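Novice: The structure follows.
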Amino acid sequence: MNTAMKIPVVILSGFLGSGKTTLLIKLLEEAAARGLKPGVLMNELGKRDIDGELVTRSTSARFPLEKMLDGCICCTKKDEIQAALAGLLRQDPDLLLLELTGVANPEEIVEQLAEPSLIAKLYLHRVITLVDAEHALEYNSIFASDKQLVRTLRSQLSAADDLIINKTDLIPPVHSSKVTEMVRKYNAEGQVHYAVNANIPLTSLFSTIQPAPSRSPQATAAAGASPRGSRSPFQIIQPHPHQQATHTSATGEEASTSFSRINTLSLPIREPLQIPASKLERFIKKWSPSLLRAKGYVRFTRPEKAAYLMQYSGKRFNWEEIDYDGPLYLVLIGYRLPEQVIAEEWAILR
C-alpha cells in the first residue's frame, strides 16, 4: 500500500492504569523535538476530562486535540470516531495519536480506519499496548467470569505491534517472566519492551514519519504563506457534546454505566475539603477490590487551599500540587462499583 500521502495513525491501548497517558506525553514531546505536528484523540470513560487536562498541561507545544468523554470509543462512542478524526484532519497533522479507554478493543478502531471516508487519508502505523506488570495476572483472575471483558483484554494484546510491559520496577523478575509468558500466549510476534514509567526508545516509531509536504520549507516558500494555511499550527478543538443514557442516584450524583461491567462515578467537590488527604485516601481505598482507578482535582482547606491532581492506580496514590483553578471532582472507575452507596457516603463525608 502506498502510504506516502497518507497520515500515519498510532493507537495506544491497554487496561486501566497501565500508563497510556504517560506514554502519550512522551510521544508528544518526541514529536515536537522532531518538528512534527501531531493530532490527538483521547477517549475517557467518565464525564470529566482529567487526562486531557493533564496532557495539555504537561506539554509545552499546543496541538489539535479531540476529546471523547463519557463512553468507550469502540462501543457507545463508535459512531463519533469518524467525525472526531475528520476534525483532526482539518488541522493538517503529520500523525495522529489515538489514546483509547482502558476497556476499548483496538481491533474495532482498526476497522474504523478502513472506512471509505478515512482509508484514502490515513494508514495504521502502529498499535501499542501497555501492560500493568504488577496487576495484569491478577486482572485475568478477577475478570474471569466476564467473557466480554476477557475478550477485550486479550484483543488488546493480540492486536499490538508493540507490547510495553510497564511498571517493571514494582515486580520481581519471576513475576515479570510470568507476565511475559501471558503476553506471548496471545501475541507471539509483537515486539516486547520492558519499561518504568512507559519509558522506551522511540526512534523506531518515528523513523519513517516525516513532516507532510505542505509543511516543508520548499512548499511554504512556493506558497508564499505560513505552513498549512493561515491557521495557528496548534489548536485545541473543544470536545463534542456527547449523549449517553445516565441514571441519577438518590443523592443526586450522576453515574454512567460503560463497557461490560466496568462503571464510572463522578463525585463533585463544590468547595475545598475540610478532611485531610489521609481520610480521603481511606474513603477511596474502601471500595477495593472493585475500584480499579480513581483520579480527580482536589483542594483542601489546609494547607492554604492548594489544588492537587490525585491519581489512584495499582493500589497506590500519587498527589501532585498544581496550578489549577477549574472545577473540583473525583472520578472513580471500577468493576461493579456500588454507585449509590458510594455517592451516599461521599455526601456525608465531604
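The values are calculated or read from the model by the stated rules, or taken from the named source; none is laboratory data. Computed from a predicted model, the values in this text were never measured in an experiment. Every residue, glycine as well, gets a Cβ built from its backbone with ideal geometry; the counts of neighbours run over all protein chains shown.
Novice: Would you check which residues across segment 118-140 are modelled with pLDDT under 90, under 30 Å from residue 93 (Cα atoms) and surrounded by 12 or more Cβ atoms within 10 Å (Cβ to Cβ) and list them?
Specialist: Of everything in segment 118-140, those that are modelled with pLDDT under 90, under 30 Å from residue 93 (Cα atoms) and surrounded by 12 or more Cβ atoms within 10 Å (Cβ to Cβ) turn out to be 118, 119.
Novice: Continuing with the same structure: Tally the residues that are touching a Phe, Trp or Tyr at 6+ places or on another chain (Cβ under 9 Å) and either modelled with pLDDT of 95 or more or aliphatic (A, V, I, L, M) (or both), restricting the search to segment 141-153. Write out each step before concluding.
Specialist: First pass over segment 141-153, keeping only residues touching a Phe, Trp or Tyr at 6+ places or on another chain (Cβ under 9 Å): 142-143, 146, 148-150, 152-153.
From what is left, the residues that are either modelled with pLDDT of 95 or more or aliphatic (A, V, I, L, M) (or both) are 142, 149-150, 153.
The number of residues fulfilling the criteria is 4.
Novice: In addition: Could you count how many residues in segment 268-308 are touching a Ser or Thr at 6+ places or on another chain (Cβ under 6 Å) and under 13 Å from residue 331 (Cα atoms)?
Specialist: Taking segment 268-308 and keeping what is touching a Ser or Thr at 6+ places or on another chain (Cβ under 6 Å), we get 272, 274, 293.
Narrowing the set further to residues that are under 13 Å from residue 331 (Cα atoms) leaves 293.
Number of matching residues: 1.
Novice: Select from segment 88-101 the residues that are modelled with pLDDT of 90 or more and not in a strand (DSSP E or B) and list them in ascending order. First the steps, then the outcome.
Specialist: First pass over segment 88-101, keeping only residues modelled with pLDDT of 90 or more: 88-100.
Answer for segment 88-101, where residues must be modelled with pLDDT of 90 or more and not in a strand (DSSP E or B): 88, 89, 90, 91, 92, 93, 94, 100.
Novice: Could you tell me how many of the residues in segment 107-153 are under 18 Å from the mean Cα position of the chain (by Cα) and free of Cβ contacts under 8 Å to residues at least 40 places away in the same chain?
Specialist: 1
Novice: Taking the options 292, 280, name whichever one is touching a Leu at 6+ places or on another chain (Cβ under 6 Å), farther than 18 Å from residue 325 by Cα and not assigned by TED's automatic domain parsing to the domain that holds residue 103. Show your work before the answer.
Specialist: Values: 280 fails: touching a Leu at 6+ places or on another chain (Cβ under 6 Å).
Just a single option satisfies the conditions, and that option is 292.
Novice: Say we look at segment 295-350 and pick out the residues that are in a strand (DSSP E or B) and of a type in the set (Lys, Arg); which of these is farthest from the chain's Cα centre (by Cα)? Steps first, answer last, please.
Specialist: So in segment 295-350, the residues in a strand (DSSP E or B) come out as 295-300, 307-313, 316-322, 328-335.
This time we only want the ones that are of a type in the set (Lys, Arg), so: 295, 299, 316.
Working: 295: 13, 299: 24, 316: 18 Å.
The residue in question is 299.
Novice: What number of residues within segment 277-300 satisfy the criterion of being over 24 Å from residue 197 (Cα atoms) and either surrounded by 13 or more Cβ atoms within 10 Å (Cβ to Cβ) or basic (Lys, Arg) (or both)? Step through it out loud before you land on a result.
Specialist: Step one: of segment 277-300, the residues over 24 Å from residue 197 (Cα atoms) are 277-280, 282-283, 286-287, 290, 299-300.
Next, from what is left, pick out any that are either surrounded by 13 or more Cβ atoms within 10 Å (Cβ to Cβ) or basic (Lys, Arg) (or both): 277, 279-280, 282-283, 286-287, 290, 299-300.
Residues flagged as over 24 Å from residue 197 (Cα atoms) and either surrounded by 13 or more Cβ atoms within 10 Å (Cβ to Cβ) or basic (Lys, Arg) (or both) within segment 277-300 amount to 10.
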